[in-house]
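Read through the structure below, which is laid out as structure tokens, and then see the notes.
The values are calculated or read from the model by the stated rules, or taken from the named source; none is laboratory data. Predicted, not measured: the structure shown is a model, and the values here were computed from it. Here the Cβ positions follow ideal geometry from the backbone for every residue, glycine too, while neighbour counts run over all protein chains shown. Just the protein is used for accessible areas: all its heavy atoms, side chains included, with ligands, DNA and RNA removed. Shrake-Rupley method; radii C 1.70, N 1.55, O 1.52, S 1.80 Å.
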Amino acid sequence: MSNRISPYDAWQRLLEGNERFVSGESKHPNQNASRRSELVNTQNPFAVIFGCADSRLAAEIIFDVGLGDVFVVRTAGHVIDDAVLGSLEYGVSVLHVPLIVVLGHDNCGAVTAAKDAVETGELPQGHIRDLVDRITPSVLSSLREHKTDLNDMVVEHAKQTVRRLLDSSRMIYDAVDNYSTAVIGVAYRLEEGRAQLVSTSGVL
């Protein structure tokens, strides 16, 4: 089964699954033994989801998809590093996925930590500091636009992450440039469970 659907169709499929999840009518597709068997030697996911590692943001659940449907990469605050870029480039160049979704969410702890660091001047310890360093530009960008609410910063961080993916990866940039892939920013609301488009690069 080929995954060569358009970026728009990939997003519509995710949206439809999210609507089922929001309304409490999830179908839990492609989660049975026969699906497991047919995927042993192949995979054809129709989207890459690069999301926050938050335990409340399980991509397959909130978009009501199953095994083999989405290629998922997650880090706290969806921060980009070389392993993330390599994983996303694999999705684009080897799996030929038509859509990359950057998935952020309200009340994000990683964005909160960056916001706190900017406001207090105190940086967290250990490798959490590296996360904060990578999210701080999004917080500062939001503040420059006089948006001080945490969830405004979450949206800005999703938008900035989309831009950074294109700036950081020639492979992803080229895929967007030749219309084979689109990259979108999505903000998820924890209480209602809805995923909302906030940014688009490429033709959706």
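Note that the chain presents 50 Å² accessible area per residue, ligands and nucleic acids not counted, probe 1.4 Å. Does the stretch 125-175 come out rounded, prolate or oblate, given a ≥ b ≥ c as the square roots of the eigenvalues of its C-alpha gyration tensor, rounded meaning a/c under 1.5 and, failing that, prolate meaning a/b above b/c? Here the stretch 125-175 falls in the oblate category. For the chain, the dipole from Cβ point charges (+1 on Lys and Arg, -1 on Asp and Glu) about the Cα centre works out to 340 debye, to the nearest 20. Return, ordered by residue number, the residues of the stretch 46-76 whose backbone nitrogen is under 13 Å from a label point located 7 Å along Cα→Cβ of Glu16. Under 13 Å, as judged by backbone N against the label point of Glu16, lie 64-65 of the stretch 46-76.
The fraction of accessible area contributed by carbon and sulfur in the chain is 48 percent, rounded to a whole number (1.4 Å probe; ligands and nucleic acids excluded).
In whole percent, what relative contact order does the stretch 1-94 give with Cα contacts below 8 Å and a gap of six or more residues? This gives 32 percent for the stretch 1-94.
Considering only the stretch 49-204, what is the antiparallel percent among its DSSP beta bridges, to the nearest 5? Counting DSSP beta bridges with both partners in the stretch 49-204, the antiparallel share is about 30 percent. Taking Cα atoms only, the orientation of helix 7-22 departs from the longest principal axis of the chain by about 80 degrees. Cβ-Cβ distance of Ala83 and Lys27, R₀ of 30 Å, FRET efficiency by 1/(1 + (r/R0)^6): the value works out to about 0.40. Ranked by the mean number of other Cβ atoms within 10 Å per residue, highest first, peptides 38-45, 73-80, 162-169 order as 73-80, 162-169, 38-45. With contacts taken as Cα pairs under 8 Å and at least 6 residues apart, the chain reaches a relative contact order of 23 percent. Ranked by the mean number of other Cβ atoms within 10 Å of their residues, highest first, the peptides 4-10, 101-107, 88-94, 66-72 come out as 101-107, 66-72, 88-94, 4-10. Kirkwood radius, the chain, all distinct C-alpha pairs, inverse of mean reciprocal distance: 17.3 Å.
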